[in-house]
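The values are calculated or read from the model by the stated rules, or taken from the named source; none is laboratory data. Every value quoted in this text rests on a predicted model; they were computed, and no experiment measured them. Neighbour counts run over all protein chains shown; Cβ positions are idealised from the backbone, glycine included. For accessibility, only protein heavy atoms count, side chains too; no ligands or nucleic acids. Shrake-Rupley method; radii C 1.70, N 1.55, O 1.52, S 1.80 Å.
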Amino acid sequence: MPGPEETPAPPKILWLARLERRFHTWRERRTRARGLKPTVTPFAGYGGDGWIRVLGRVLIVPPRKPRGGGEYASVRGWRSFLAVPVGFARVDVTVAGQTHTVNADRGGVVDVVLDAALSPGWQTFTMTVEGSAPVESRVFVVAPDARFGIVSDVDDTVMVTALPRPLLAAWNSFVVDEHARQPVPGMAVLLERLARENPGCPVVYLSTGAWNVAPTLVRFMRRHLFPPGALLLTDWGPTHDRWFRSGRAHKEHSLQRLAEEFPDIRWLLVGDDGQHDDAIYTAFASENPGHVAAVAIRRLSPAEAVLAGGRTAVNDHSAAEVPWVTASDGAGLLDRLQAAGVSPA
C-alpha cells in the first residue's frame, strides 16, 4: 500500500489526450503544406457591465465547391468535422477600437473574458488570426437592470435529435442534411414570446453538442425563427482523466457561472426529460433558488424516450422552491408558464 508521501500515479487516460493533440498537429502541418491558412469561426457571446465573453474557434477549413443558397445552402454535418483545429493560436480581438491578443486552447477554442465598455444589446467586434481578414462576431451585452433570462437546451428541446442514442447521434451529426432536421413544435414561439415579453432578456442555448456543429445549429435556429442568443457547446475530445468530456458537468458548470456573472438575473431553465436536464435543473434550482424563475421540461414522446434511452425525470421537485412545469411541446409549456405567472396570459 503506497505511503502518504508517495506521488500519485498520473492519470491513465493522459496518453489519449496527447495522442489526439499529435494527430491534430499532424493534420495542421499537412493542410498548411497545401497552402491553407487558419481563420476564426465566431460564435455569439454575451457580456455585462464593462466586460464581454468572447467565443470562437480557430480552424483550417478545407475548400469546397461553392453552392447556391448562401449561408442557408444545404450542409451536411460531416463537413464541420473535416476542419482542422489550430491549437494555442494567437487571436487578435478588436473591441470598441481596442485590440486584445488572446490564445485559443489546445482544441482551437477561444473562450475569454475581456474588459469592454459596450452599450446593452447586440454589439459587434472583430477577430483575426495570423493576419487573416477580420471576421465579425457578435455579443449580447446584458443591461445592469435586467432581471430575467432564458437558458435552453438544444437537443430534443429545440430540435428533434434523440441525441443520447449513439448511432442516431452520429447519423444526425455527420450525415443528415440540416434542412431535414425538425424543430420541436411550438418551442420557437415559446422562446421568442418570452424574449419579446422581457426586453433586454439574455438568451443562452446550452448544449452538450460539439463546437463543430455550431454553424449548423445557428442556421437551423435562424431558419426556424428561434430568438438569437449565445451558444455554449463543448468539445468531445479526451481530457487528462476521461475518455470524453462530461456533458453533464459542462451544463452544471455553465449554469453556476451564469449565476455568478449575473447575480440579479433569475433564469427560466428549459430542457427535456431525456438528457438529465430535469435532474440538473432541479439540483441547480434547489441550491440557487434566487437565480431561477422557473423550470420548464418538455416530455419526450414514448418513441422519442425509447430512442433517447429512457427518461430521467425527477419525481419530487418540492426542494427547488420555484415553479416547475412540463408538457410535450412549446404550446403546452407556454400555457403552464402562464398559469404559473411566469409569462403574461
Residue identified as out of contact with any His (no Cβ under 6 Å at 6 or more places or on another chain) and either modelled with pLDDT under 85 or open to solvent by 60 Å² or more (accessible area, probe 1.4 Å) (or both) among A73, A44: A73
Of residues in region 109-150 being under 30 Å from V86 (Cβ atoms) and in contact with a Leu (Cβ under 6 Å, 6 or more places away or on another chain), the one least open to solvent (accessible area, probe 1.4 Å): V141
Any hit, region 76-86, residues being modelled with pLDDT under 95, under 30 Å from F23 (Cα atoms), touching a strand residue (DSSP E or B) at 6+ places or on another chain (Cβ under 9 Å) and open to solvent by 60 Å² or more (accessible area, probe 1.4 Å): yes
Count - residues of region 324-336 that are closer than 21 Å to H224 by Cβ, within 24 Å of the chain's Cα centre (by Cα) and crowded, with 18+ Cβ neighbours inside 10 Å: 4
Among residues of region 151-179, those that are at pLDDT below 60, under 27 Å from L268 (Cβ atoms) and touching a Leu at 6+ places or on another chain (Cβ under 6 Å), counted: 2
